[in-house]
1. What's the number of the condition Glu306 fails, among (1) open to solvent by less than 10 Å² (accessible area, probe 1.4 Å); (2) in contact with a Lys or Arg (Cβ under 9 Å, 6 or more places away or on another chain); (3) on the phi < 0 side of the Ramachandran plot?
2. Residue check, Val341 against (1) free of Cβ contacts under 8 Å to residues at least 24 places away in the same chain; (2) within 15 Å of the ligand (Cβ to nearest atom); (3) β-branched (Val, Ile, Thr), all met but one. Which one?
3. Could you list, ordered by first residue, the pairs with Cβ atoms under 6 Å in which the first is in region 252-267 and closer than 13 Å to Glu90 by Cα and the second is open to solvent by 30 Å² or more (accessible area, probe 1.4 Å) and within 9 Å of the ligand (Cβ to nearest atom), at least 6 apart or interchain?
4. What are the residues in region 34-72 that are touching a residue at least 60 places away in the same chain (Cβ under 8 Å) and open to solvent by 30 Å² or more (accessible area, probe 1.4 Å), if any?
5. Identify the single condition in (1) open to solvent by 50 Å² or more (accessible area, probe 1.4 Å); (2) within 11 Å of the ligand (Cβ to nearest atom) that Pro132 does not satisfy, given that it satisfies every other one.
6. Quick one: which of Gly288, Gly283, Gly295 is open to solvent by less than 20 Å² (accessible area, probe 1.4 Å), modelled with pLDDT of 95 or more and away from the ligand (no atom under 14 Å from the Cβ)?
7. Is region 232-241 home to any residue that is more than 17 Å from Val92 (Cβ to Cβ) and β-branched (Val, Ile, Thr)?
8. So, Val157, is that one within 15 Å of the ligand (Cβ to nearest atom), modelled with pLDDT of 95 or more and open to solvent by less than 10 Å² (accessible area, probe 1.4 Å) or not?
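The values are calculated or read from the model by the stated rules, or taken from the named source; none is laboratory data. Bear in mind the structure is a predicted one, so any value in this text is a computation, not a measurement. Here the Cβ is made from the backbone with ideal geometry for all residues, glycine too, and neighbour counts use every protein chain on show. Quick note on the areas: whole protein, heavy atoms, side chains included, nothing else; ligands and nucleic acids left out. Shrake-Rupley method; radii C 1.70, N 1.55, O 1.52, S 1.80 Å.
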Amino acid sequence: ASDAITTDVLVIGAGPVGIFAVFELGLLDMRCHLVDILDRPGGQCAELYPEKPIYDIPGYPVVGAQELVEKLMEQARPFSPVFHYSQMVETVARLPEGGFAVTTDLGTRFHAKVVVIAAGGGSFQPKRPPVPGIEAYEGTSVFYAVRRMEAFRDQDVLIVGGGDSALDWTLNLQPIARRVTLMHRRDEFRAAPHSVERMRSLVAEGKLDLVLGQVTGLAGADGHLSGVQVKLNDGTAREIAATRMLPFFGLTMKLGPIADWGLNLHENLIPVDTEKFETSEPGIFAVGDINTYPGKLKLILSGFHEVALMAQAAKRIVAPGQRIVFQYTTSSTSLQKKLGVS
Ligand code: FAD
């Protein structure tokens with residue numbers, strides 16, 4: 001339809017491999033849109049180990065995972081990639097006129113000549129806390145991410161967790177909610193020290209409640225929460241008034257909707273050839289941790305190699321019949337122009 005975003009390439013996943021795909025595709029004049037469930041780029045590097053040093057990126061004896069992501073973003077910038085965060089690609093379907101229609105759970109629609117799946121270990125999905133009956137409240141009163149802050153205005157909000165997401169949203173929602181209560185298992189937080197300090201001073205000023213304990217049950221009807229039963233660390237039980245609950249219990253990786261796209265799968269990975277890294281569906285490529293082939297290593301450097309070869313094959317689909325000239329970035333003035341360095 002007319003309101004779909006058209007692009008040469010739609011990249012599913014903005015992990016290190018998806019970002020570097022933008023660069024390799026860009027050198028061959030293909031433009032990319034990228035979709036990621038996370039609210040920022042970097043995939044596992046940003047979500048699972050941002051502060052850890054990596055020692056096996058060629059040319060960097062040591063580089064922080066978050067730092068690598070920032071460098072990759074800088075390298076991709078000349079090709080003006082468009083990122084669509086906080087949404088999950090749900091469907092990929094072939095268009096009768098050629099190319100693919102891709103949709104996300106937020107309703108964003110794309111028409112792309114080529115689809116590149118760089119989905120890593122699959123989609124990051126929030127861990128559901130072990131509270132009986134919680135499913136009935138999900139999407140109406142219980143949320144695992146904040147997509148619209150307005151949904152929390154004038155509400156009694158209970159935020160559960162002790163990491164950065166829990167602390168960030170406690171501080172962001174405190175000014176607009178009727179009341180925010182932060183609950184954690186113990187009086188220690190794995191969040192940025194300045195957020196923890198700010199939280200503690202709001203508690204001291206009486207503008208925020210901090211409760212140490214665990215959720216045991218939910219009260220409400222028809223998906224509308226009214227209160228949360230908790231067991232406090234001193235052994236007592238009580239109910240906290242809450243119309244919204246935000247549990248931040250971390251993320252797990254699941255294959256997610258990729259299983260439904262009609263691709264051949266092998267143990268939740270996508271088999272590809274090692275010439276083009278194409279899947280069983282012509283025009284759909286798979287690169288990085290999500291793919292499998294004889295000898296595959298789940299390393300960032302393997303993904304970098306894969307996208308370089310994938311881009312050559314993608315070009316033949318995006319611009320059929322156009323001759324591809326092999327060039328070095330060192331010596332090609334045409335590549336340097338694209339990069340904005342000459
Ligand atoms: P990912 O980084 O997993 O990114 C995939 C992205 O796709 C995710 O952001 C996900 O949200 C998104 N996604 C998935 N499905 C969808 C969907 N349907 N819609 C929208 N978005 C979707 N590798 C090394 O080379 N060296 C190391 O030293 C090293 N150390 C590591 C240490 C740890 C603790 C871990 C966990 C991994 C380490 N790795 C290391 C592995 C490395 O992180 C992975 O190989 C790399 O992240 C793979 O990149 P990727 O882009 O393929 O996938």
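1. (2)
2. (2)
3. As it stands, the answer is Pro257/Glu90, since those pairs meet every condition given.
4. Matches in region 34-72: Ile37, Asp39, Gln44, Glu47, Asp56, Pro58.
5. Result: Pro132 fails condition (2) only.
6. Details: Gly288 fails: away from the ligand (no atom under 14 Å from the Cβ); Gly295 fails: open to solvent by less than 20 Å² (accessible area, probe 1.4 Å).
None of the other options fit; the residue is Gly283.
7. So in region 232-241, the residues more than 17 Å from Val92 (Cβ to Cβ) come out as 232-241.
Checking which are β-branched (Val, Ile, Thr) leaves us with 236, 240.
Yes - at least one qualifying residue is present in region 232-241.
8. Numbers: within 15 Å of the ligand (Cβ to nearest atom): no; modelled with pLDDT of 95 or more: yes; open to solvent by less than 10 Å² (accessible area, probe 1.4 Å): yes.
In short, no.
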